[in-house]
1. From the list L28, L45, which one is open to solvent by 30 Å² or more (accessible area, probe 1.4 Å), farther than 25 Å from I142 by Cα and at pLDDT 95 or above?
2. Do any residues in region 413-428 that are over 11 Å from L367 (Cα atoms) have Cβ atoms under 6 Å from those of residues that are open to solvent by 10 Å² or more (accessible area, probe 1.4 Å) and in a helix (DSSP H, G or I), where the two are at least six apart or on different chains, and which pairs are they?
3. Confirm whether E422 is modelled with pLDDT under 95, within 30 Å of A489 (Cβ to Cβ) and among the acidic types (D, E).
4. Restricting the first residue to region 266-284 and requiring it to be more than 16 Å from M252 (Cα to Cα), which pairs with a second residue that is among the acidic types (D, E) meet a Cβ separation below 9 Å and a spacing of at least six or different chains?
5. Anything in region 139-179 that is of a type outside the set (A, V, I, L, M, F, W, C) and in a helix (DSSP H, G or I)? List them, or say none.
6. Please count how many residues of region 262-301 are in a strand (DSSP E or B) and aromatic (F, W, Y).
7. Restricting to region 249-260, and then to whatever is near the ligand (Cβ under 9 Å from one of its atoms) and of a type in the set (A, V, I, L, M, F, W, C), can you tell me which residue is surrounded by the fewest Cβ atoms within 10 Å (Cβ to Cβ)?
8. Just the residues that are in contact with a strand residue (DSSP E or B) (Cβ under 9 Å, 6 or more places away or on another chain), more than 16 Å from the ligand (Cβ to nearest atom) and polar (S, T, N, Q), please, taken from region 274-298.
Amino acid sequence: MPPFDRNFYSIGSVRIERLNIFAQATSLGTYMSHVAPKFKLFNTLTRQKEDLQTITPGKVGMYTCGPTVYDYPHIGNFRAFVFEDLLKRWLQFRGFQVTHVMNLTDVDDKTIKGSQTQAKPLREYTNFFANAFFQDIKVLNIEPATVYPRATDHIPEMVSIIKTLLQKGIAYCGEDGSVYFAVSKFPKYGKLSHISVQELKVGARVSQDEYAKEEAQDFALWKAWTPEDGDVYWETELGKGRPGWHIECSAMSMKYLGETFDIHCGGVDNMFPHHENEIAQSEAATGKTFVNYWMHNEHLLVEGKKMAKRLGNFYTLRDLLSKGLDPLAIRYLLLSTHYRQQFNFTFEGLEAAKSAIERLTNFLRRLKDANGKGGSRKVNELTEKVEGCFGEAMDDDLNVSVALASLFDFVRDVNNLLDANELSREEGTMVSKLISNLDKVLGVIPKPQEEALPAEAQVLIEQREEARKIKDWKTADAARAQLKAMGIAIEDTAQGIRWKRIRA
Ligand SMILES: [Zn+2]
């Protein structure tokens, strides 16, 4: 029996299947019968939950707005990236083959300014922060996208769309040599954000500082070179200049996913104007629907307040790691609130997240020691229940809090069976596999073999050993204290030195 029927999402009528979504986990000989589940997601376009119907059965094309690589991303950015990772993992768990495209914005005012301040070529400057971003997502156990296109590698694709818009009379050249999108020529403008062009005109006029445009609400597709841009420009058919931000995402998403694709995600702050403008450019150019489902995650607060450098509550991932905080606890915390709810990031919450992960790892450890008689119906019932509840919750627009609650109910109930020594070794293994399988979605359980000791910590441990050999206790204690500050505790055991991660 194949583990999953990839086509069932595209079938409109309800179909009853013997569908075993936990193929690897279910080894007790019981298969669940399901009505084929449908993944429901909240579509910002329609403001309602809809069944996901993908363009190609069994496949999902998904675009997520990536970082502007001028600085380290902050935890608000990571809320979006973790939400998108959870979505992707869930779709994959449900058997979809996901093509995930995430752009890197490597040319804009901020990257140009940053590279000039550091007197580095733009590419060298943005490469540094792109690499930092890749390191950060790895630390947070975010699965890499299929492709990470960079804006500066896709200038011809952007120029091509802009030329089409010019030919269609939807874009025009301003007096400053820049090319603008004429919002009034695209009647559907505002369909995502539900902002009317009339409202926009009033709002935009107040803050208008670009007089080269014909209408205040129009936006730049191509920005003509100005001396502030220095050596950052492209000589194209549109003249000497650089692309606007919005056109980057239209060009790169359509290049890799086609003119119409399934899902586009991003933070709610990108809904307007960024995503609205992406729709306008793309649909005006192709005459086709750009994206079928738009998904937006809500804002993040830190300790109840909007994150701001002046409030002292602005954190990059690196800021948190330097406090010795556990990256998987950060991941757990970021994903444990439903993505459409405003999320309050607190240090107390991080403690709770850490405890939740410890409960799971301790549970897995305990399962290894199971050696009861087994065969009770109870464990089968519990397994079926958690499989059903977890899946149902996640299929309901990623209702992760309900899914986690069902998982921890399961852990509690199986712990009771372990207390009564009712679980056999085989059942213990089966339950472990089930937990590991669910963790393919959550990605919060540390993998022992991946727990490598940081090089810096290795050096400190060696220094401590050397110091102990010559009875230099002061140096040895200082090394131990430094390790502790890094969140690493060491124990001297009969088998040698052991280390473990601790809370700072
Ligand atoms: Zn974008």
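1. Details: L28 fails: at pLDDT 95 or above.
One residue alone meets the criteria, L45.
2. D413/L382
3. On the way: modelled with pLDDT under 95: yes; within 30 Å of A489 (Cβ to Cβ): no; among the acidic types (D, E): yes.
For E422, the condition - modelled with pLDDT under 95, within 30 Å of A489 (Cβ to Cβ) and among the acidic types (D, E) - is not met.
4. G267/E298; V268/E298
5. T152, D153, P156, E157, S160, K163, T164, Q167 - these are the residues of region 139-179 that are of a type outside the set (A, V, I, L, M, F, W, C) and in a helix (DSSP H, G or I).
6. So the count comes out to 2.
7. Restricting attention to region 249-260, the residues satisfying the condition of being near the ligand (Cβ under 9 Å from one of its atoms) are 249-250, 252-253.
Now restrict to residues that are of a type in the set (A, V, I, L, M, F, W, C): 249, 252.
Values: C249: 28, M252: 26.
That would be M252.
8. If the condition is that a residue be in contact with a strand residue (DSSP E or B) (Cβ under 9 Å, 6 or more places away or on another chain), more than 16 Å from the ligand (Cβ to nearest atom) and polar (S, T, N, Q), then N292 is the only one that fits.
The values are calculated or read from the model by the stated rules, or taken from the named source; none is laboratory data. All values reported here derive from a predicted model rather than from experimental measurement. Virtual Cβ from ideal backbone geometry, glycine too; neighbours counted across all protein chains shown. Surface areas here come from the heavy atoms of the whole protein model, side chains and all, with no ligands, DNA or RNA. Shrake-Rupley method; radii C 1.70, N 1.55, O 1.52, S 1.80 Å.
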